[in-house]
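K.L.:
Quick one: the structure is below, questions incoming.
Laboratory data are not the source of any read-out in this text; all were calculated from the coordinates shown. Bear in mind the structure is a predicted one, so any value in this text is a computation, not a measurement. Cβ placement follows ideal geometry from the backbone for every residue including glycine, while neighbour counts extend to all protein chains displayed.
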2 protein chains.
Amino acid sequence: MYSIITHLYKVAKAGTLAILQIILRRGLGQKAKKMLLLCLMKDIKNILAEASVGSAITAKGWVRTKRETKNAIFIELNDGSSFNGLQCVFDAHGLSKENAAALSRSNTGAALSVSGTLIDSPASGQAVELKADSVTVIGECPADSYPLQKKAHSLEFLREIAHLRPRTNTIGAAARMRDEMAYAVHSFFHERGFRYIHTPIITASDCEGAGEMFQVTNLDLDALVKSGQPADYAKDFFGKKAYLSVSGQLNVECYALALGKVYTFGPTFRAENSNTTRHLAEFWMIEPEFSFAELPDNMALAEEFIKYLFGWAMERCGEDLAFFDKRVQPGLIAMLEEVKNKKFAHMSYTDAVKELEKKSSSFEFKPYWGCDLQSEHERYLTESVIGGPVIVTDYPKELKAFYMRLNEDGKTVRAMDVLVPRIGEIIGGSEREYRYDVLLENIKAKGLDPEPYWWYLELRKFGSAPHSGFGLGFERLLRYVTGLENIRDVIPFPRAVKQAEF
Amino acid sequence: MYSIITHLYKVAKAGTLAILQIILRRGLGQKAKKMLLLCLMKDIKNILAEASVGSAITAKGWVRTKRETKNAIFIELNDGSSFNGLQCVFDAHGLSKENAAALSRSNTGAALSVSGTLIDSPASGQAVELKADSVTVIGECPADSYPLQKKAHSLEFLREIAHLRPRTNTIGAAARMRDEMAYAVHSFFHERGFRYIHTPIITASDCEGAGEMFQVTNLDLDALVKSGQPADYAKDFFGKKAYLSVSGQLNVECYALALGKVYTFGPTFRAENSNTTRHLAEFWMIEPEFSFAELPDNMALAEEFIKYLFGWAMERCGEDLAFFDKRVQPGLIAMLEEVKNKKFAHMSYTDAVKELEKKSSSFEFKPYWGCDLQSEHERYLTESVIGGPVIVTDYPKELKAFYMRLNEDGKTVRAMDVLVPRIGEIIGGSEREYRYDVLLENIKAKGLDPEPYWWYLELRKFGSAPHSGFGLGFERLLRYVTGLENIRDVIPFPRAVKQAEF
């Protein structure tokens, strides 16, 4: 039986519902009929998209709203597959006793199975609705204790019920867009021959994030305290002190110099004591890295990437994006459209500072050559000077990491920051220093011990080649495409200072 | 200039190399010419696939082998984009001084840029080769210190140079297959409307992995020891004791009961002191979870998933798979083909034990109803009893986790393990207990404190519904599709007991 079901299930998924219904009408045993009915169950997203009026349908989902008029009872059933739910309409007059009893238990949040016939909807905003014949309550939802009622809840409140909040319009839409954007990331790189590399999460080198890294241990801390002796990391799980990685870049460079074009997309960690709307202790980063690629290649890739992602959002996240545009960030779609269509401007750090100096007095932090660009500077450059996305390049070496390629001037490095209106920096990257001697010099000049970098240095000893890459914080991207202000609303279960619930 | 380059780059990527070459032949400045030449640079994979004989080509990559005959010098250039490299042939007689000097420095591992014309190859196994006009050494590779020489190296040795090993045939192929399989995972779920959910890595509940979880902290352990006081986790970063997650399942269930169909794919951690070829401290897990789905739906999904992944490997990883079939695991492709084409058998645990008892004496561990199936039992079931993949269901509740749905017999749960020849269990899953009272009972029966599960329990209070899911260890899958025995060879930088190098 399973094989038939599996096969029919596939067929049903492909949209040929009608065939199944013919089969169903033929004389079949009760058990077979029940199983075939299961096959007829489609996501509400598909039911709405196909709009095959006249079809017998069973939909399962959760009650978003229930309202009654004199003649009808309306239930909006949502199964999370799309923003919009399926309107289920019951004739108030001909209700069976069973249906009446079930409807009385169908509170907001209850899980239902509703069967009926799909008809053209007289209501605006929906092509079809379900003329319901029968309803079964799968899981009740007590109105007196369910925290999500019809009324709008604050995002702050929703964070306290992170296990239930994806059932709301806002968080549900954010989760669907997160899924779409993640798939867009993989598709972009896959289409271009970039290989996905899982760089390690646990690392024994505290290369980049000195002081802001989480320690990972399986030492018994109570026993450690009792011993009165300093921790002996030779006895820890990894035989040395271990941390959570802040970036996969150094590791993925090994693969760029072997497979050519690669990227990482995984969680990274920072023990930063910042309780803001922009910081998380655990967040996901995308880091492409490619060989035989210099700064202009890197800039071109970053521009293409952003445009691809925004294009994907506009093409595939219509309903969710429309919601955000309407309710969260008016003008959102127009802004994405603009970034997607505009050629990204290019500007050196030196030229950028010259522009900023013209408006020096209007900034909280006075700009000067050598200063780290603040958010207010970045936004002024992209919003006022350029009026669109801009890639700022060639920063003073003192401002940037040791691995960036030193320019011929000896003062600047081949770094790039991609700035976009409303948030400023969205991408940071660079061409990497691929010359052994210069890299070693840079490491020392930053006051770092070269020893832990032995393998990173060796990449420059054996078949070194120019290579470049950048990092895009996935949640920063999501804040941009959803318009949501607080980073904790674009990740399912946010981790931050004093926050690791659920 | 950048915009033209960017545009041409895209065009070149799309394969219309010829147009670029026409443009190139027209009178252009030196700088423009140089930049356009960069555009002409394609991955060796594409060069080999397009095989456009007569084209002027510049290829960049690393020397795999160099050999000389009286009349010619052959360099196999590999850029990691594919298993096969590009054969570059230099006329030994007409060598310019520059080319001769460059070739003398082109040791194994050196990064080169080689330009010339693509011609039909007289050699077998390749359609085209590059009649080389010029060669430049981008990065040398000193023969006396480079650890990767022409000869084959042991996989043990390669693990010690994890930063260089993706340059080898075996690890390069494994990395490309890992990339393809990851993309296949996302594509499978995306096509079926499953949403990708990033469940948290850091967790404050040690729900499942009691005793085998890594602790995450930013307490200063030296200061802690000096204080002589037990750790005060209220002062730790998260305000409580925190761990690395062993599974995203409990979290992703929240999303299944909101969005309907979801999955996780992320790193999970186990501080297990097992130094075997099958264990890692850090590994990637795939965990789908879907609502309104019972055990048969789960079984159908698992079968479809495995077949999809194996089909993808056979369709998209031809060269790499052929290498593994030839050099690592003879019969590999035939075995994947067989699993892909066979209907998965179904068998209850009770029936499985009956089968095992018939052969009781041949096992190291004597089977009996209630025993945990050992690897030898699983392999016997799939290899000898069934002769193909089999899904074993309905295990004794004592053997399985608290969240599995209790059957009507009160003794077994709706668990399933998918067994395949050669390795035994590849997938484990279940229908989840969706009834509040029964779940609470199960938690207590396992001796667990219900309090930390408050939110998990609440999912059963508010609109609960039958739902199911399973877990597939990504590295276990990769061991299966590559034939590689040791799990440390299918992940870029393995983390295990006493091992966190690089």
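K.L.:
Per DSSP H run of at least 4 residues, take -39500 (n - 2.57); add these up for chain A, divide by its residues and hand me the 222 nm value, nearest 500 deg cm²/dmol.
P.N.:
When only DSSP H runs of four or more count, the value is -10500 deg cm²/dmol.
K.L.:
Can you give the FRET efficiency for residue B:372 and residue B:437, using 1/(1 + (r/R0)^6), R0 = 22 Å, r = Cβ-Cβ distance, to the nearest 0.05?
P.N.:
0.20
K.L.:
Return the aspartates and glutamates within reach of residue B:498: Cα separation strictly under 16 angstrom, same-chain partners fewer than 8 residues apart disregarded; answer none if there are no such residues.
P.N.:
Reachable aspartates and glutamates: A:232, A:236, B:156, B:160, B:212, B:272, B:282.
K.L.:
Then there's this: Please list, ordered by chain and number, the residues whose modelled amide H lies under 5 Å from the amide H of residue B:65; skip anything fewer than 5 residues away on the same chain.
P.N.:
B:76
K.L.:
How tilted is helix A:349-358 with respect to the longest principal axis of chain A? Cα atoms for both, answer in degrees (0 to 90, nearest 10).
P.N.:
80 degrees
K.L.:
As an exercise, use a Förster radius of 51 Å and the Cβ-Cβ distance of residue A:348 and residue A:52 to find the FRET efficiency, rounded to the nearest 0.05.
P.N.:
E between residue A:348 and residue A:52, to the nearest 0.05, is 0.30.
K.L.:
Sticking with this structure for a sec: If you line up the long axis of helix A:169-191 against the longest principal axis of chain A, both from Cα atoms, how many degrees apart are they, to the nearest 10?
P.N.:
Orientation of helix A:169-191: about 60 degrees from the principal axis.
K.L.:
On to the next question. Pull up the DSSP beta bridges for the protein assembly as shown and report the antiparallel fraction as a percent, rounded to 5.
P.N.:
The antiparallel proportion sits near 90 percent.
K.L.:
Would you order B:284, B:455, A:62 from fewest to most other beta-carbon atoms within 10 Å of each residue's own beta-carbon?
P.N.:
The order, fewest Cβ neighbours first, is B:455, B:284, A:62.
K.L.:
Relative to the longest principal axis of the C-alpha atoms of chain B, give the angle of the C-alpha long axis of helix B:2-13, reported between 0 and 90° and rounded to the nearest 10°.
P.N.:
80 degrees
K.L.:
Give me the distance in nm between label points sitting 7 Å out from Cα along the Cα-to-Cβ direction at residue A:445 and residue A:92, one decimal.
P.N.:
7.9 nm
K.L.:
While we're looking at this one, here's another question. Note the full-extension length gain between residue A:104 and residue A:70 as 0.36 nm times their separation in residues minus their Cα-Cα distance, in nm to one decimal.
P.N.:
Difference between extended and current length: 10.7 nm.
K.L.:
Across the residues of B:285-291, average count of Cβ atoms on other protein chains within 10 Å?
P.N.:
Per residue, the average neighbour count from other chains is 1.
K.L.:
Please report the net charge: other residues with Cβ closer than 9 Å to the Cβ of residue B:426, K and R +1, D and E -1.
P.N.:
With Lys, Arg at +1 and Asp, Glu at -1, the net is -1.
K.L.:
Roughly how far apart, in whole Å, are the Cα centres of the range B:325-360 and the range B:136-172?
P.N.:
37 Å
K.L.:
Moving on. Roughly how many nanometres apart are two label points built 7 Å out from the Cα toward the Cβ at residue A:84 and residue B:398?
P.N.:
The two pseudo-label positions are separated by 5.5 nm.
K.L.:
Ok, one more. With the Cα gyration tensor of the range B:348-502 in hand, convert its eigenvalues to equivalent ellipsoid semi-axes via √(5λ) and list them largest first in whole Å.
P.N.:
30, 24, 14
K.L.:
For a Förster distance of 56 Å, can you work out the FRET efficiency between the beta-carbons of residue A:362 and residue A:150, rounded to the nearest 0.05?
P.N.:
For R0 = 56 Å, the calculated efficiency reads 0.75.
K.L.:
Under a 5 Å amide H to amide H cut-off, with H placed in plane at 1.01 Å, what residues pair with residue A:285 once short-range neighbours are removed?
P.N.:
A:266, A:268, A:474
K.L.:
Then there's this: Say the cut-off is 26 Å between C-alpha atoms; which of A:354/A:397; B:45/B:150; A:461/B:131; A:359/A:446; B:400/B:444; B:342/B:446 go over it?
P.N.:
The pairs that break the limit, which is 26 Å between Cα atoms, are A:461/B:131; A:359/A:446; B:342/B:446.
K.L.:
Viscosity 0.890 mPa s, temperature 25 °C: what is the translational diffusion coefficient of the range A:233-340 from Stokes-Einstein with a Kirkwood Rh over Cα pairs, rounded to a whole number of µm²/s?
P.N.:
142 µm²/s
K.L.:
Just the C-alpha atoms of chain B: what Rg/Rh do they give, with Rh taken as the Kirkwood radius?
P.N.:
1.06
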